[in-house]
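K.L.:
Can you keep this structure in mind? I'll have questions shortly.
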Amino acid sequence: MNIRNMFKDIFKPKENKPKYKYLNTYTMLNNSSSAFYNWSGKIFDNNVARTAIGTNGINAAKLNPKHIRIQENAINVSPNTNISRILKTPNKFMTMFDFLQKMMIQREENNNAFAYIDRDKNVPGMNGILGIYPLNCSSVELYEDENGDLYIEFRFRNGKTHFAPYRDVIHIRKHFNENDFWGESNSRVLNPTLEVINTTSQGIKNAIKNTAFIRGILEFKNVLQPDDVDKNVKEFSERYLSINNEDGIAYTDPRYSFHETKSEPYVPNKAQMDYSKQELYEYFNTNEKIIKGNFTEEEWIAYYETTIEPFSIQMSQEFTRKIFTPTELTYGNEIIFEANRLANASNNTKITICEKLGHLFTINEQREIWNREPVIDGDKRLQSLNYVNADKADDYQLKDKGGNEDGEEQKN
């Protein structure tokens, strides 16, 4: 039985695989190193950060990728079957929902998200793409060959490495500022906040333990050996502090005296906890209402425009320039990532839009607003007869009043 693994499945050997013999480290303008290392701060292990990042990932995964071809007098949707297949199932391991969720989470966590484009020249259309695989690597480094073409070396946690042409890599960046090529690391910004949250959580946990278990102090009259102290304390606890004490009666013992402690239930500082949570939520452009799903239309639109829409624009532009050849781009081929922004609108808003602006949408687009499936012949728009071409409005009104073509009234 042949043993395979995911590394071989994604980076399968090809007959025409190029030999990377003359690659040199690519020199940046302002950075001495061309490498980027994913932060090992385990931000995803923090429940508050995971909630914020995961919410963004789930909402970004709702985007709907489409292949369009813009021509002079028409826009063709999904003109290539192979492209449509890739945009529904990018690879054999995941759906497009999973793909987008992972890309968004990697972008939020590391400010760099990568996906490898597996190509085969024998596949027709879309530059020979077999599949697109998101990569979760420990570090990346940039190289160039003698022709000036860029390559990325991916290093994975199991020690394996792989070189890939940068033209075959979907690269999405966030907080792209100081570094000339990579998005900035979250480490310097988030380390203090995560330390405060972790310290607060540990303090709350220890305080709850203390208030839950220390019920009193047992004062011995004589000095005892440590073993005798432990034995007497255990005996006293089992006899008087256990819920199994059915008699409910205690008696005095001259060997020791018991002093009960009044332990108030520990209530954590809500303001301090909310401040730390809010700081993380704001950093990842989300809020508690979005996370809990009790937002208004305006709040959802604001969240979409600040968090989801920038990601969809990045994905659209990067997919378009990496998937198609220069020739295919000249023919108007483009990948767009759409979102039904009206899906979270109220029923009254949806009714108003369909009534007042229905002529701007096809039948199926209006059905999509109501979360209904498309119908046959639904890709057509309905036009109200109450509207007329603006260039013909004067003629229409004059004729309606009984005027002739010159604008004079007709005589009986």
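The values are calculated or read from the model by the stated rules, or taken from the named source; none is laboratory data. These numbers come from a predicted model, not from an experiment. Every residue, glycine as well, gets a Cβ built from its backbone with ideal geometry; the counts of neighbours run over all protein chains shown.
K.L.:
Is it the case that GLY378 is in contact with a strand residue (DSSP E or B) (Cβ under 6 Å, 6 or more places away or on another chain) and either in contact (Cβ under 8 Å) with a residue 24 or more places away in the chain or surrounded by 13 or more Cβ atoms within 10 Å (Cβ to Cβ) (or both)?
P.N.:
Considered against the rule, which asks whether it is in contact with a strand residue (DSSP E or B) (Cβ under 6 Å, 6 or more places away or on another chain) and either in contact (Cβ under 8 Å) with a residue 24 or more places away in the chain or surrounded by 13 or more Cβ atoms within 10 Å (Cβ to Cβ) (or both), GLY378 comes out as no.
Listed here are the residues, each with its yes/no results for (1) in contact with a helix residue (DSSP H, G or I) (Cβ under 9 Å, 6 or more places away or on another chain); (2) in contact (Cβ under 8 Å) with a residue 60 or more places away in the chain; (3) crowded, with 22+ Cβ neighbours inside 10 Å.
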{"residue": "ALA52", "(1), (2), (3)": "yes, yes, yes"}
{"residue": "ALA60", "(1), (2), (3)": "yes, yes, yes"}
{"residue": "PRO65", "(1), (2), (3)": "yes, yes, no"}
{"residue": "ILE70", "(1), (2), (3)": "no, yes, no"}
{"residue": "ASN73", "(1), (2), (3)": "no, no, no"}
{"residue": "SER78", "(1), (2), (3)": "yes, no, no"}
{"residue": "ASN82", "(1), (2), (3)": "yes, no, no"}
{"residue": "MET96", "(1), (2), (3)": "yes, no, no"}
{"residue": "LEU100", "(1), (2), (3)": "yes, yes, yes"}
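K.L.:
Something else about it: Within region 159-177, which residues are over 28 Å from PRO310 (Cα atoms) and either without any contact (Cβ under 8 Å) to a residue 60 or more places away in the chain or within 22 Å of the chain's Cα centre (by Cα) (or both)?
P.N.:
Correct list: GLY159, THR161.
K.L.:
Considering only residues that are under 17 Å from ASN110 (Cα atoms) and in contact with a strand residue (DSSP E or B) (Cβ under 7 Å, 6 or more places away or on another chain), which ones fall in region 154-185?
P.N.:
Across region 154-185, the qualifying residues are PHE154, ARG155, VAL169, ILE170, HIS171, ILE172, ARG173, PHE181, TRP182, GLY183.
K.L.:
Sticking with this structure for a sec: Out of everything in region 1-40 that is among the aliphatic types (A, V, I, L, M) and farther than 14 Å from GLU153 by Cα, what residue ends up being modelled with the lowest pLDDT?
P.N.:
For region 1-40, the residue satisfying everything is MET1.
K.L.:
Also: So which of ARG167, ARG155 is more than 20 Å from ALA60 (Cα to Cα), in contact with a Ser or Thr (Cβ under 9 Å, 6 or more places away or on another chain) and either assigned by TED's automatic domain parsing to the domain that holds LEU29 or not small (Gly, Ala, Ser) (or both)?
P.N.:
The match here is ARG155.
Table: residues versus (1) assigned to a helix (DSSP H, G or I); (2) under 20 Å from the mean Cα position of the chain (by Cα); (3) of a type in the set (Lys, Arg); (4) loosely packed, with under 14 Cβ neighbours inside 10 Å.
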{"site": "GLN278", "(1), (2), (3), (4)": "yes, yes, no, yes"}
{"site": "TYR281", "(1), (2), (3), (4)": "yes, yes, no, no"}
{"site": "ILE301", "(1), (2), (3), (4)": "yes, yes, no, no"}
{"site": "GLU305", "(1), (2), (3), (4)": "yes, yes, no, yes"}
{"site": "SER312", "(1), (2), (3), (4)": "yes, yes, no, no"}
{"site": "GLU328", "(1), (2), (3), (4)": "yes, no, no, no"}
{"site": "PHE337", "(1), (2), (3), (4)": "no, yes, no, no"}
{"site": "THR352", "(1), (2), (3), (4)": "yes, no, no, yes"}
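K.L.:
Is it true that some residue in region 373-396 is in a helix (DSSP H, G or I), modelled with pLDDT of 75 or more, more than 31 Å from the chain's Cα centre (by Cα) and not assigned by TED's automatic domain parsing to the domain that holds ASN112?
P.N.:
Step one: filter region 373-396 for residues in a helix (DSSP H, G or I), giving 390-396.
Right, trim to modelled with pLDDT of 75 or more and you get none.
No - not one qualifying residue is present in region 373-396.
Each row is one residue, and each column tells you yes or no for (1) at pLDDT 95 or above; (2) assigned to a loop (DSSP other than H, G, I, E, B); (3) farther than 16 Å from MET103 by Cα.
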position: ARG157; (1), (2), (3): no, yes, yes
position: ARG167; (1), (2), (3): no, no, yes
position: ILE170; (1), (2), (3): yes, no, no
position: GLU178; (1), (2), (3): no, yes, yes
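K.L.:
Checking ALA343 against (1) at positive phi; (2) modelled with pLDDT under 80: exactly one of these is not met. Which one?
P.N.:
So the condition that ALA343 fails would be (1).
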